[in-house]
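Worksheet: one structure, shown below.
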Amino acid sequence: MVNDVMRQVKLRTLWCVLLAAIFPQGGIGVKMLRVSVPQYTLKGESVELICEFDLMGDKLYSVSWYKDHDEFYRYVPKGKPSQHIYRVDGIRVDHLSSDAQRVVIRNVPLRASGMYRCEVSAEAPAFSSVNGESMMNVVALPKEGPEIEGEERNYQIGDEINLNCTSARSFPAATLQWYVNDKLMGRSNETMIVQQHGLITSISRLHFRVGPEHFRKGRLQVRCVATISTYPSNTTGTSMAPAPAPVLHSPEHHRLSASSPPPALDYSKEALFSVTGTASSARVGATLLLVTSLASLLS
């Protein structure tokens, strides 16, 4: 009986020693609360990266930010200076607006796209650490709407219409689709030209023969619609793949939590080509109308 009691006392003592070694001064290890990185941002804008954590009784040693495994910012509260900025392509840190829990990057270029990770470390003797990461995509929208080229001044029933639609430089490339009297045409011949700084110009070609069936109330309309979207793919064309939600990790790199899906970016502009006349006319007049449409960015 006495031996059993002594054995239990020894086990409790050993357990207390282990707890004191693992969690000195009452600390139980750093806990990551939130890593916030904008999943989509426009080229040239400033972005704010947030890293919220709870030291849980420990003392902060450092906070480090990485882009694709390359460290670009470190905050050490006891350091002189407390901020350290490292050169990484595409990253311009605003040190005056940055601190232990946030980093501001100015004038982001396309090459700033990548995986961003925040790593928080506690002081000795705990040396506990935790990290979280999230993807950021930099998007460049076209500065102008699409343009239709190749139209003739007059068309006769039986004539062939050959049109080109060009969307200005962007990233990712705009998807171009043709509509004749609001009917989506089949897959067209589309070309993508990579321009300077990684921007892409999209060109699509449409070819069909003018027939009486193309006229509705004396009018034939051809539309070219340019879209860039992060929504899931649908009948309006392809879309940009959504970025993964932020993932928080323990020191053992177990998945702890994830945020809700990011808001979607939706851009759409169109050019309209209109032919007026009647299906029985020998010849009809053609008019290229002004580009009239809207672009929207949901933030």
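The values are calculated or read from the model by the stated rules, or taken from the named source; none is laboratory data. Quick caveat: nothing in here was measured; it's all calculated off a predicted structure. All Cβ positions, glycine included, derive from the backbone under ideal geometry; neighbour counts span all protein chains shown. Accessible surface areas use protein heavy atoms only, side chains included; no ligands, DNA or RNA. Shrake-Rupley method; radii C 1.70, N 1.55, O 1.52, S 1.80 Å.
Structure above, values below:
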item: Protection-proxy order for peptides 175-184, 138-147, 265-274, 76-85, each taking the mean of Cβ atoms within 10 Å per residue, highest first; result: 265-274, 138-147, 175-184, 76-85
item: Reach of residue 31 by Cα under 22 Å, taken over lysines that are not fewer than 8 positions away in the same chain; result: 59, 67, 78
item: Positive dipole terminus of region 138-183, leading residue within 155, 176, 142 (C-beta point charges); result: 142
item: Ranked by how many other beta carbons lie within 10 Å on average, peptides 96-103, 32-39 from highest; result: 32-39, 96-103
item: Per-residue ³J(HN,Hα) for region 203-213, Karplus 6.51 cos²θ - 1.76 cosθ + 1.60, θ = phi - 60°, Hz, x for Gly and Pro; result: 10, 10, 10, 10, 9, 7, 9, 5, x, x, 5
item: Percent breakdown of C-alpha pair distances by 5 Å bin, ordered from the shortest bin, for region 28-161; result: 2, 10, 17, 18, 14, 9, 6, 4, 3, 3, 3, 3, 3, 2, 2, 1, 0, 0
item: Accessible solvent surface per residue of region 160-230, calculated while the other protein chains remain in place, 1.4 angstrom probe, Å²; result: 51 Å²
item: Residues of region 42-85 with amide N under 20 Å of the 7 Å Cα→Cβ point at residue 123; result: 53-64, 74-84
item: Listed residue (83, 198, 114) projecting farthest to the positive dipole end of region 54-199, Cβ model; result: 83
item: Cα centroid separation - region 150-171 against region 200-214, whole Å; result: 6 Å
item: Nearby lysines by direct alpha-carbon distance to residue 183 (threshold 29 angstrom, same-chain neighbours under 8 apart not counted); result: 143, 217, 269
